[in-house]
Amino acid sequence: MKTNSRPLLFFLIIYLGFLYAPVVLLPLFAFNDSAIIAFPLSGFTTDWFSWLMEDESLFGALKNSVLIAVTASFISTIFGVLTARAMARHRFMGKQSMFGLIMAPLFLPEIIVGVSILIVLMQLGLALSLWTVIAGHVLLATPFSVSILTTAFNNLDRSLEEASLDLGENRIGTFFRVILPLVTPGLISSLLIGFTISLDEFVIAFFLTGTDPTLPVYIWSLLRFPSKLPVVMALGFILLVVSLVLLGIFEFYRRRSEALTSGKENSGI
Amino acid sequence: MASSSTAKIIDRNIPMVKLENIRKSFDDLEVVKGLDLEIGSGEFFSLLGPSGCGKTTLLRMIAGFETPNSGIVSIAGEEMTNFDANERPTNMVFQSYAIFPHLNVGENVAYGLKKLRLPKNEMKARVLDMLKLVDLDGLYDRPSYALSGGQKQRVALARALIMQPKVLLLDEPLSALDKKLREQMQHELRRLQRTLGITFVLVTHDQEEALIMSDRIAVMFDGKIAQLGHPQEIYERPVTKKVASFIGVMNFVSGEYLGKKGGKLHVRTSSLGEVFLKPGQMASDLQPGNVTLGLRPEMLTVLYSTNDNSENEFKAKITNVSYYGDMTYYSVEMPGPDDDISISMRNTVGRHVYSVGDVVRIGWGAASIVAL
């Protein structure tokens with residue numbers, strides 16, 4: 001083992017560098033006192049952040065994106081709960097093929113999905129709006145919700161449900177008093193991943209956006225103006241910090257609930 | 001909690017659980033095959049059998065988790081075949097305990113009381129009483145992940161008993177505990193059952209556990225009851241070879257039943273010679289022909305000195321010795337074509353432990369033999 005560890009370590013460093021170097025560039029240029037994205041750095045400034053604060057259309061786009069992401073992640077999580085429950089507890093004809101169809105959007109090129117939905121909407125004569133983007137994003141996020149929640153529901157010890165029924169509780173009461181509390185970490189995961197997928201999704205949003213752009217669509221439109229590039233960097237930096245904080249909070253709760261349900265006394269809370 | 005004056009009267013004439021011609025299949029596999037059973041009120045009843053014999057499925061049909069394909073399940077005189085688990089006066093202690101991991105001990109025990117809408121302090125008082133009964137005083141606020149296996153077992157018991165069930169169902173409740181704790185819980189369960197007077201139905205594959213705890217045992221093989229009776233009947237008079245070898249250790253000796261001779265049953269064996277049995281030791285419908293005799297290891301004796309005597313004896317060579325501390329188990333060669341038999345001897349002061357190869361005198365009596 002020891003003799004082989006040096007090339008592996010080298011590989012690891014290259015790998016991590018490739019993954020994270022671009023991310024490190026974000027804060028560097030977000031605070032760089034030059035409109036041109038290039039080395040050497042010329043000085044420190046927070047101007048790009050002030051620009052950001054004054055850009056009303058950007059805030060509009062951010063608001064749209066958050067609204068879409070929250071709604072889409074809720075809807076896909078509800079679909080996920082229903083599907084996962086059915087998968088974990090019931091046997092019915094065509095179960096496997098139905099599961100395959102639900103998971104398929106994971107493997108379809110987004111551009112195909114986007115164009116297809118657009119054609120259908122046009123045929124139906126529906127106007128593009130935030131809701132059309134939400135529909136597209138639900139389609140994308142549902143497979144993730146289903147796969148996360150199927151794991152959560154499969155891990156649920158069936159005898160817990162039976163114990164609840166045995167103690168006189170009915171099925172609805174059992175769902176709210178036993179099942180829901182125990183799959184909560186799965187629900188949070190599902191909401192979070194749905195939110196993230198929707199927030200940075202570009203292709204489908206680009207096709208299905210009406211007059212209100214989402215944040216990625218808006219950023220894309222900014223790229224046409226090179227002078228705005230540092231502003232995009234500043235925005236990217238803010239989004240990065242927010243994601244890290246969200247991830248930290250999520251990980252904290254995930255570990256806590258894991259410690260609660262794993263039955264181990266010292267699993268590092 | 002319940003003193004002797006409040007303990008319910010045990011009446012074995014009223015069936016608390018009545019199963020009539022129960023059949024249950026999963027897909028094409030029939031696991032319970034037309035089974036009838038009556039369990040008396042206040043009885044400690046065990047369903048004993050190897051895994052896959054249908055005992056757990058039967059228990060789950062009493063609990064209401066499974067519905068039989070045909071047949072009738074009655075509890076306390078009321079037909080409940082299609083009732084849901086939450087509508088039945090039964091409660092279950094699960095093999096995995098099924099303690100709600102997101103609730104603490106007090107909340108687990110109080111789970112089923114919620115629908116009674118009791119005042120908070122009365123609910124707590126009841127839970128505390130119940131925790132005391134199962135020796136969990138002071139653990140009211142303990143989170144469930146911080147419980148040991150034995151404590152989880154007691155929480156599961158308290159959670160079921162607080163519902164004041166007519167029948168308590170126990171699905172292999174002790175299988176996950178270590179030997180010492182298991183033995184302690186066996187006695188405690190027995191004590192609780194006697195104090196409360198509730199009908200207990202235990203599912204187990206551990207014959208020793210069933211013998212220790214039960215008033216009556218149903219030995220199950222392959223979806224049917226092979227033998228139903230008191231522990232002593234099951235142990236001393238097994239009706240088939242299968243039951244005999246499942247319950248404890250049984251030595252088998254082949255022989256030929258020649259018919260009645262002077263009121264006794266005459267069996268000729270090559271290992272033990274001529275054996276005369278009383279009518280009770282053999283099924284009444286047995287016809288002359290080949291027969292298997294069963295002897296328990298403790299019913300054979302190693303004769304240590306020339307002064308030791310027995311009704312019958314034979315000489316045999318020891319082929320294996322297992323020393324258990326309190327007991328020594330010997331395997332000895334049989335004079336006839338039969339397999340080696342096993343003999344258990346209690347180790348007392350000054351008693352010699354023989355070695356492999358020693359030739360000893362073995363004593364036996366016809367009264368302890370059962371013909372199968």
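Among the residues of the stretch A:192-207, is there at least one that is surrounded by fewer than 19 Cβ atoms within 10 Å (Cβ to Cβ) and outside any helix (DSSP H, G or I)?
Taking every residue of the stretch A:192-207 in turn, at least one turns out to be surrounded by fewer than 19 Cβ atoms within 10 Å (Cβ to Cβ) and outside any helix (DSSP H, G or I).
State the number of residues belonging to the stretch B:122-178 that are within 13 Å of chain A (Cβ to nearest Cβ), of a type in the set (S, T, N, Q) and in a helix (DSSP H, G or I).
Of the residues in that region, 2 qualify.
If a residue has to be crowded, with 17+ Cβ neighbours inside 10 Å and in a strand (DSSP E or B) to count, how many in the stretch B:255-290 make the cut? Outline the logic, then answer.
Step one: of the stretch B:255-290, the residues crowded, with 17+ Cβ neighbours inside 10 Å are B:255, B:257, B:265-267, B:269, B:271-272, B:275, B:277, B:281-282.
Within this subset, residues satisfying the condition of being in a strand (DSSP E or B) are B:255, B:257, B:265-267, B:269, B:275, B:277.
Looking only at that region, the number is 8.
Going by the structure shown, is B:Tyr97 part of a loop (DSSP other than H, G, I, E, B) and in contact (Cβ under 8 Å) with a residue 12 or more places away in the chain? Break it down stepwise before answering.
Working: part of a loop (DSSP other than H, G, I, E, B): yes; in contact (Cβ under 8 Å) with a residue 12 or more places away in the chain: yes.
Against the criterion (part of a loop (DSSP other than H, G, I, E, B) and in contact (Cβ under 8 Å) with a residue 12 or more places away in the chain), B:Tyr97 qualifies.
Any chance the stretch B:286-303 includes a residue that's out of contact with any strand residue (DSSP E or B) (no Cβ under 8 Å at 6 or more places or on another chain) and assigned by TED's automatic domain parsing to the domain that holds B:Val359? First the steps, then the outcome.
Our first condition is that a residue be out of contact with any strand residue (DSSP E or B) (no Cβ under 8 Å at 6 or more places or on another chain); within the stretch B:286-303, this holds for none.
No, the stretch B:286-303 contains no residue that is out of contact with any strand residue (DSSP E or B) (no Cβ under 8 Å at 6 or more places or on another chain) and assigned by TED's automatic domain parsing to the domain that holds B:Val359.
Any idea how many residues of the stretch B:66-93 are surrounded by 21 or more Cβ atoms within 10 Å (Cβ to Cβ) and either facing chain A (nearest Cβ under 8 Å) or among the hydroxyl-bearing types (Ser, Thr, Tyr) (or both)?
Selection size over the stretch B:66-93: 4.
Provide a single number: the residues in the stretch A:162-174 that are of a type in the set (Gly, Ala, Ser), facing chain B (nearest Cβ under 7 Å) and surrounded by fewer than 22 Cβ atoms within 10 Å (Cβ to Cβ).
Within the stretch A:162-174, residues that are of a type in the set (Gly, Ala, Ser), facing chain B (nearest Cβ under 7 Å) and surrounded by fewer than 22 Cβ atoms within 10 Å (Cβ to Cβ) number 1.
Would you point out which residue out of A:Thr184, A:Thr150 is at pLDDT below 90 and farther than 26 Å from A:Phe107 by Cα? Give the steps one after another, and end with the answer.
Numbers: A:Thr150 fails: farther than 26 Å from A:Phe107 by Cα.
After applying the criteria, what remains is A:Thr184.
Which condition number in (1) under 23 Å from B:Gly64 (Cβ atoms); (2) within 14 Å of chain B (Cβ to nearest Cβ) is the one that A:Ala152 fails?
(1)
Looking at the stretch B:211-223 only, could you name the residues that are more than 12 Å from the chain's Cα centre (by Cα) and buried (at least 16 other Cβ atoms within 10 Å of the Cβ)?
Taking the stretch B:211-223 as the starting set, the residues that turn out to be more than 12 Å from the chain's Cα centre (by Cα) are B:221-223.
Within the stretch B:211-223, B:Phe221, B:Gly223 qualify.
Which members of the stretch B:54-65 meet the condition of being within 14 Å of chain A (Cβ to nearest Cβ) and either within 21 Å of B:His205 (Cα to Cα) or of a type in the set (D, E, K, R) (or both)? Write out each step before concluding.
First pass over the stretch B:54-65, keeping only residues within 14 Å of chain A (Cβ to nearest Cβ): B:56-57, B:59-65.
B:Thr56, B:Thr57, B:Leu59, B:Arg60, B:Met61, B:Ile62, B:Ala63, B:Phe65 - these are the residues of the stretch B:54-65 that are within 14 Å of chain A (Cβ to nearest Cβ) and either within 21 Å of B:His205 (Cα to Cα) or of a type in the set (D, E, K, R) (or both).
Yes or no: the stretch B:300-310 includes at least one residue that is within 28 Å of the chain's Cα centre (by Cα) and surrounded by 12 or more Cβ atoms within 10 Å (Cβ to Cβ).
Residues of the stretch B:300-310 within 28 Å of the chain's Cα centre (by Cα): B:300-301.
Pick out the ones that are also surrounded by 12 or more Cβ atoms within 10 Å (Cβ to Cβ) and you get B:300-301.
Within the stretch B:300-310, one or more residues are within 28 Å of the chain's Cα centre (by Cα) and surrounded by 12 or more Cβ atoms within 10 Å (Cβ to Cβ).
Only one of B:Leu103, B:Leu116 is at pLDDT below 90 and closer than 23 Å to B:Arg154 by Cβ; which? Show your work before the answer.
On the way: B:Leu103 fails: at pLDDT below 90.
Result: B:Leu116 is the single residue among B:Leu103, B:Leu116 that is at pLDDT below 90 and closer than 23 Å to B:Arg154 by Cβ.
Given the residues A:Arg158, A:Arg177, which is the only one that is among the basic types (Lys, Arg), within 11 Å of another protein chain (Cβ to nearest Cβ) and within 19 Å of A:His90 (Cβ to Cβ)? Spell out the reasoning first.
On the way: A:Arg177 fails: within 19 Å of A:His90 (Cβ to Cβ).
After ruling out the rest, the residue left standing is A:Arg158.
The values are calculated or read from the model by the stated rules, or taken from the named source; none is laboratory data. If you're wondering where the values come from, they're calculated on a predicted model, not measured in any experiment. We place every Cβ from the backbone using ideal geometry, glycine too, and count neighbours over all the protein chains shown.
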